[in-house]
Amino acid sequence: MAKIVCVLYDDPVTGDPKTYARDSLPRLERYPDGQTLPTPRAIDFQPGTLLGSVSGELGLRKYLESNGHKLVVTSSKDGADSVLDRELHDAEIVISQPFWPAYMTAERIARAPRLKMIVTAGIGSDHTDLQAAMERGVTVAEVTYCNSNSVAEHVVMMTLSLVRNYIPSYNRVVKGGWNIADCVQRSYDLEGMQVGSVAAGRIGLRVLRLLKPFDVKLHYLDRHRLPEAIEKELHLTHHSSLESLTKVCDVVSLNCPLHPETEHMINAQSLKNFKRGAYLINTARGKLCDRDAVAAALESGQLAGYAGDVWFPQPAPKDHPWRSMPHHGMTPHISGTSLSAQARYAAGTREILECYFENRPIRDEYLIVQGGKLAGVGAHSYSAGNATKGSEEAARFRK
Ligand code: NDP
């Protein structure tokens, strides 16, 4: 029997919904590169319902308990008296989501002697100290592609919201106003702008594809170049440095993983190389940016806007400057946890668990760490090391 600790975000304040806005989800066959959607043997949940919050339990309870395992589900994850900390001592598997991450630091991994696997029910395993997982021989897996397209849609929404000054205009209507000049004094067309993606992986490439019909000029930065045919199809300009990309772009979208190489890549120095009045969209990870440098760039006008849904730590303390800085379009971390995405990452988590318990190999595309080293997708997109430093700040949210 294994004990699985699953950390999920809180239920809606009004309780689990009795009805939903829509009755069904569109059926998707494959991801754009041909990868199959998750293939668990079965699912015990209704796609389109809340699965990522505590009551939804990722639809795992029936499967795990009927196989003799113990499932503990909690949203209490930060601070020394958290349920997560109390349950770690005999946990074999810890599951959490980047939206409400269980920060699996070296200290926590050391306090979990039976720990064999850490699963990200989503994409992005930077909330786990990958170095410590490698040293302890703990497997780290995530549900690659499950919400990449969801995030790309969010990037398009946020890009348009900032450039067209949507949020302040909306707020003016809600408050009973009609002052058009106030709304449009910061409103532009996206058409003709230079738009760049930092990374052209699953999300980055999708963002570039979705934005192409707006007749923008597209740029990207990535360690590996895209095939020539894609560069030609999308008229892409490749850059080999952040400085070269940001010097020409009006909109910059961050779409790379957080790992020691990318931590704080946007800082006071690199922001000086942006065009004055650029827009920065970050749905990748909060720690890619220096928190105070972003706020200062909005204050000074170096950036015209900043939007995204990723913070560090999560949940962000109530006094986090990104809640109150000017010209921002921040949401809590929601882009990858639409009801549509939840159905995919719940099924993918189930697939990973089935493989683990049946001693079948976990798909290479889901592996980040295995056998003491970066593996599968992790070997391609991450670098060794630890990006969890400072995560204890998350405990301040509840205070
Ligand atoms: P992919 O692995 O498909 O793409 C990541 C890309 O980043 C790869 O092309 C990789 O390049 C590139 N990359 C890595 N390091 C660097 C670097 N130093 N400079 C430039 N490019 C780099 O992942 P996804 O596109 O699916 O997701 C990307 C990230 O987005 C995730 O790691 C996660 O942090 C975040 N995310 C956020 C979500 C949300 O809800 N807001 C949901 C899902 C993901 P290469 O491998 O070619 O070297």
Q | Ratio Rg/Rh [Cα only; Rh per Kirkwood] for the stretch 179-319 | A | 0.97
Q) To two decimal places, what compactness ratio does the chain give when its Cα radius of gyration is scaled by 2.2 N^0.38 Å? A) 0.98
Q: Name the long-range amide H neighbours of Cys249: under 5 Å, sequence gap of 5 or more, or other chain; modelled H, no Pro or chain starts.
A: Lys275
Q.
Which order do you get for Arg27, Arg186 if you rank them by accessible area with a 1.4 Å probe, largest at the top?
A. Arg27, Arg186
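Going down the list Lys62/Lys373; Lys232/Lys275; Lys18/Lys70, which pairs span over 31 Å between their C-alpha atoms?
Values: Lys62/Lys373 33 Å; Lys232/Lys275 26 Å; Lys18/Lys70 27 Å.
Over 31 Å Cα-Cα: Lys62/Lys373.
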Q: Quick one: which residues, 5+ away or cross-chain, put their amide H under 5 Å from the amide H of Ser197? H built at 1.01 Å from N.
A: His219, Tyr220, Leu221, Ser253
Q.
Residues of the stretch 379-399 with backbone nitrogen within less than 16 Å of a virtual label 7 Å along the Cα-to-Cβ line of Asp319, please, listed as ranges.
A. 393-399
Q | the chain: calculated mean residue ellipticity at 222 nm from DSSP helix runs of at least 4, using -39500 (n - 2.57) | A | -8000 deg cm²/dmol
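How much length is gained on full extension from Arg209 to Ser240, taking 0.36 nm per residue of separation minus their Cα-Cα distance? Spell out each step's value before the answer.
On the way: separation 31, 0.36 × 31 = 11.16 nm, distance 2.01 nm.
That works out to 9.1 nm of additional length.
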Q. Which value in nm describes the separation of the simple spin-label points at Thr331 and Tyr188, placed 7 Å from the Cα toward the beta carbon?
A. 2.4
Q | Label-point separation in nm, Ala384 to Arg225, each point 7 Å along Cα→Cβ | A | 3.0
(Q) Where in the chain is the longest stretch that carries no GluC sites (Glu not before Pro) classed as loop by DSSP and with at most 11 other Cβ atoms within 10 Å? (A) 192-357
Q. Rg to Rh for the stretch 90-205: what is it, with Cα atoms only and Rh by Kirkwood?
A. 1.20
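The values are calculated or read from the model by the stated rules, or taken from the named source; none is laboratory data. What you see is a predicted model; the values in this text were computed from it and never measured. Note: ideal-geometry Cβ built from the backbone for every residue, glycine included; neighbour counts use all protein chains shown. For accessibility, only protein heavy atoms count, side chains too; no ligands or nucleic acids. Shrake-Rupley method; radii C 1.70, N 1.55, O 1.52, S 1.80 Å.
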